[in-house]
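Student: Can you keep this structure in mind? I'll have questions shortly.
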Amino acid sequence: MNKPLEGLLVLEFCQFLAGPSAGLKLADMGARVIKIERPIKGDACRQLAIKNLFVDENSLLFHTINRNKESYAADLKDPADLKRVKELIAKVDVMTHNFRPGVMEKIGLDFQSVKTINPRIIYGVVTGYGNKGPWAAKPGQDLLVQSVSGLTYLSGMADEGPVPFGLSVADILCGNHLTQGILAALIKRAKTGKGVLVEASLLESTLDMQFEVLTTYFNDGGKLPRRSAVKGQGHSYLSAPYGIYQTADAYLALAMGNLQIISTLIGCDLSGVYTDSRSSFEKRDEIMLLIAERLKMKTNAQWLSILEASDIWCAPVLNYQEATALPAFKQLQIQQPLDLGDGVINTTRSPLQLDGEKLYSSKAAPEIGSGNDIINQEFNLV
């Protein structure tokens, strides 16, 4: 299929996760993404491993976040390399970076300088906490951003300390937001013919993810979220029965639902704690404890057959082995192989479908500088 961003040329001056994940999204939609890397060492993410897994001397994480790209090695402190990079900038549509504030200004590749080279450039920037302000120079690292954003007080139980999210959620969200901004900027450029500066920060992305609960906090007299004393409660601001419950053989998730119907279906007497809809909030923990004790009496399959038949929103709680074995997972065809030449890495594809077609790419992450000769020749970089 013809992908929507085919013909779009992107230069990525990014390391680690947030910026490169935006490049990955653009590449999946058809853009040609050239990753500008330091000679020899390259992107620091090449050595940033999850579970210490490496493939061909590069971390599995690097392969995950940098598939479907090309690599151009350049020392931005070397005048000859910098000259070639500027010549390349003059020919591209989009440029992204996630250097700390002030770095690109020092080497003359900030937005104002780049606009003189390419007035139509879409210039995307990722920072930890914005380009200005008291935290501008702080390291933009995922766990640190989670910690200062309030996010860690939304999960876990009332008697626990803060609980971090089990993913690099700030990085991933910020990469998605940068992608959205770049796509919007491309539309604006099509209308005006002028370049656009697109900025995103890890902190703003993490706060935006919490827009529902922050809006509640702002309009509820500044009351803090109240985590449940019951294990498995799924949302600090939602009422019973919302949460995960242990059954006789596994775990079952219950979403929002009519407590009177649910209590009748499972044979649980809530009359002592539930009188009207307000009770589901005010007596949340008491109600959840009663439901939890009752759900232990039967297996997941037994409860699902009862609840799903009455259109109660529920689901089994699955691990990766169980989830990936499901026909629903296989039907989505979310898994794709990356061709390493002498091996294969299995990863996920873009979640998008366009005109009924899924977006696949089997191109593995590049070796450092593997595109230099071709790119120098193609763009006449001297």
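Student: Can you return the lysines within cross-link range of Lys298? Criterion is Cα-Cα under 30 Å, with same-chain partners fewer than 8 residues away left out.
Tutor: Lys231, Lys283, Lys330
Student: I've got another one for you. How big is the equivalent ellipsoid of the range 105-191 along its three axes, where each semi-axis is √(5λ) from the Cα gyration tensor, reported in whole Å from largest to smallest?
Tutor: Working: eigenvalues 233, 54, 14 Å².
After diagonalising the Cα gyration tensor, the semi-axes are 34, 16, 8 Å.
Student: Another question, then. If one takes the longest principal axis of the Cα atoms in the chain, at what angle in degrees, from 0 to 90 and to the nearest 10, does the Cα axis of helix 300-309 lie?
Tutor: Computed tilt is about 90 degrees.
Student: Right, next: State the Cα centre-to-centre distance between the range 346-382 and the range 193-210 in whole Å.
Tutor: Distance between centres, Cα-based: 24 Å.
Student: Further question on the same structure: Taking 7 Å along the Cα-to-C-beta vector as the label spot, tell me the Asn319-Gln141 distance in nanometres, rounded to one decimal.
Tutor: For Asn319 paired with Gln141, the spin-label model returns 2.9 nm.
Student: A further question on this structure: When the Karplus curve 6.51 cos²θ - 1.76 cosθ + 1.60 is applied with θ = phi - 60°, which whole-Hz ³J(HN,Hα) does each residue of the range 232-243 get, with x for Gly and Pro?
Tutor: Values, residue by residue: x, 4, x, 7, 5, 9, 9, 8, 4, x, 3, x Hz.
Student: Another question about this same structure. Restricting the count to DSSP beta bridges whose residues both fall in the range 1-107, what percent are antiparallel, rounded to a multiple of 5? Don't jump to the answer; show the numbers that get you there.
Tutor: Working: 2 of 14 bridges.
Of those bridges, close to 15 percent are antiparallel.
Student: What list do you get for Asp171, Asp220, Asp159 if you sort them by fewest beta carbons within 10 Å?
Tutor: Details: Asp171 25, Asp220 12, Asp159 7.
In order of increasing Cβ crowding within 10 Å: Asp159, Asp220, Asp171.
Student: Please identify the GluC sites (Glu not before Pro) of the range 179-265 that satisfy two criteria: DSSP loop assignment and at most 11 other Cβ atoms within 10 Å. Which are they? Walk me through the numbers before you get to the answer.
Tutor: Numbers: sites: Glu199, Glu204, Glu212; in loops: none.
Here no GluC sites (Glu not before Pro) fit, given the DSSP loop and packing criteria.
Student: Report, in degrees rounded to the nearest 10, the 0 to 90 angle that the Cα long axis of helix 18-28 makes with the longest principal axis of the chain.
Tutor: The two axes meet at around 80 degrees.
Student: Further question on the same structure: Along the range 267-280, what does the Karplus equation 6.51 cos²θ - 1.76 cosθ + 1.60 (θ = phi - 60°) give for ³J(HN,Hα), rounded to whole Hz, x for Gly and Pro?
Tutor: Running phi through 6.51 cos²θ - 1.76 cosθ + 1.60 with θ = phi - 60° gives x, 10, 7, 10, 4, x, 10, 10, 10, 8, 4, 5, 4, 5 Hz.
Student: Could you tell me the relative contact order of the range 166-211? Use alpha-carbon pairs under 8 Å, at least six residues apart, and round to a whole percent. Numbers along the way, then the final one.
Tutor: Values: 29 pairs, mean separation 24.1, N = 46.
That works out to 52 percent.
Student: Take every Cα pair under 8 Å in the chain that's 6+ residues apart, average their separations, divide by the length, and report that relative contact order as a whole percent. All intermediate terms of the calculation are to be shown ahead of the outcome.
Tutor: On the way: 665 pairs, mean separation 65.9, N = 382.
Relative contact order, the chain: 17 percent.
Student: Which entries in Lys77/Lys138; Lys41/Lys188; Lys83/Lys194 show an alpha-carbon gap greater than 29 Å?
Tutor: Working: Lys77/Lys138 23 Å; Lys41/Lys188 37 Å; Lys83/Lys194 23 Å.
Cα-Cα > 29 Å for Lys41/Lys188; rest within.
Student: What fraction of the DSSP beta bridges in the chain is antiparallel, stated in percent and rounded to the nearest 5? If you can, show how the numbers build up before the last one.
Tutor: Working: 17 of 40 bridges.
Of the beta bridges lying entirely in the chain, close to 45 percent run antiparallel.
Student: So, one more: Provide the packing ranking of 276-283, 131-138, i.e. peptides ordered by the mean count of other C-beta atoms within 10 Å per residue, highest first. Show your work: numbers first, answer last.
Tutor: Values: 276-283: 14.5, 131-138: 12.5.
Going from most to least packed, we get 276-283, 131-138.
Student: Here's something else I'd like to know. Under the Kirkwood approximation applied to all pairs of distinct alpha-carbon atoms, what is the hydrodynamic radius of the range 124-274 in Å?
Tutor: On the way: mean 1/r = 0.0541 Å⁻¹.
Final number for the Kirkwood radius of the range 124-274 is 18.5 Å.
Student: How high is the FRET efficiency between Thr299 and Val163 when r is their beta carbon distance and R₀ equals 35 Å, given to the nearest 0.05?
Tutor: On the way: r = 29 Å, r/R0 = 0.83.
For R0 = 35 Å, the calculated efficiency reads 0.75.
Student: For the range 231-259 and the range 295-334, what is the centre-to-centre distance using only Cα atoms, to the nearest Å?
Tutor: 14
Student: How large is log10 I(q)/I(0) at q = 0.07, 0.14 Å⁻¹ when the Debye formula is applied to the Cα atoms of the chain, each weighted equally and without solvent?
Tutor: -0.42, -1.21
Student: What ³J(HN,Hα) values, in whole Hz, does the Karplus curve 6.51 cos²θ - 1.76 cosθ + 1.60 give for the range 194-208 when θ = phi - 60°, with x put for Gly and Pro?
Tutor: So the J values, rounded to whole Hz, are 10, x, 9, 8, 10, 10, 9, 10, 4, 5, 5, 5, 5, 5, 4.
Student: Here is a follow-up. Using only the alpha-carbon atoms, how far is helix 169-192 inclined from the longest principal axis of the chain? Give it as 0 to 90 degrees, nearest 10.
Tutor: Orientation of helix 169-192: about 50 degrees from the principal axis.
Student: May I pose another question? With a 10 Å radius around each residue's Cβ, average the other Cβ atoms per peptide and rank 343-352, 285-294, highest first.
Tutor: 285-294, 343-352
Student: Among Tyr153, Tyr123, which comes first, second and so on when ranked by fewest other beta-carbon atoms within 10 Å?
Tutor: Numbers: Tyr153 17, Tyr123 24.
Least to most surrounded, the residues fall as Tyr153, Tyr123.
Student: Would you please give the residues with an amide H less than 5 Å from that of Tyr251, counting only those at least 5 places away or on a separate chain, with H modeled from the backbone geometry?
Tutor: Val317
Student: Where Rh is the Kirkwood radius over the Cα pairs of the range 229-338, the temperature 37 °C and the viscosity 0.692 mPa s, what D in µm²/s does Stokes-Einstein return?
Tutor: Reported coefficient: 220 µm²/s.
Student: Counting only residues 5 or more places away or on other chains, whose amide H sits under 5 Å from the amide H of Gly124 once H atoms are built in the peptide plane?
Tutor: Correct list: Met95, Thr96, His97, Val198.
Student: Separate question: Once label points are set 7 Å from the Cα along Cα→Cβ at both Lys77 and Ala90, what is their separation, rounded to one decimal in nm?
Tutor: 2.7
Student: List the residues, sorted by chain then number, that are 5 or more residues from Val55 or on another chain and whose placed amide H is less than 5 Å from its amide H.
Tutor: Excluding prolines and chain starts, which carry no amide H, the hits are Leu60.
Student: Once every DSSP H run of n ≥ 4 in the chain is given -39500 (n - 2.57) and the sum is divided by its residues, what mean residue ellipticity at 222 nm do you get, rounded to the nearest 500 deg cm²/dmol? Before the final figure, lay out each step's value.
Tutor: Working: 16 runs with 140 residues, N = 382.
Result for the chain, helices only: -10000 deg cm²/dmol.
Bear in mind these aren't lab numbers, they're just calculated from the coordinates by the rules spelled out. Please read these numbers as outputs of a predicted model, since none were measured by experiment. Every residue, glycine as well, gets a Cβ built from its backbone with ideal geometry; the counts of neighbours run over all protein chains shown.
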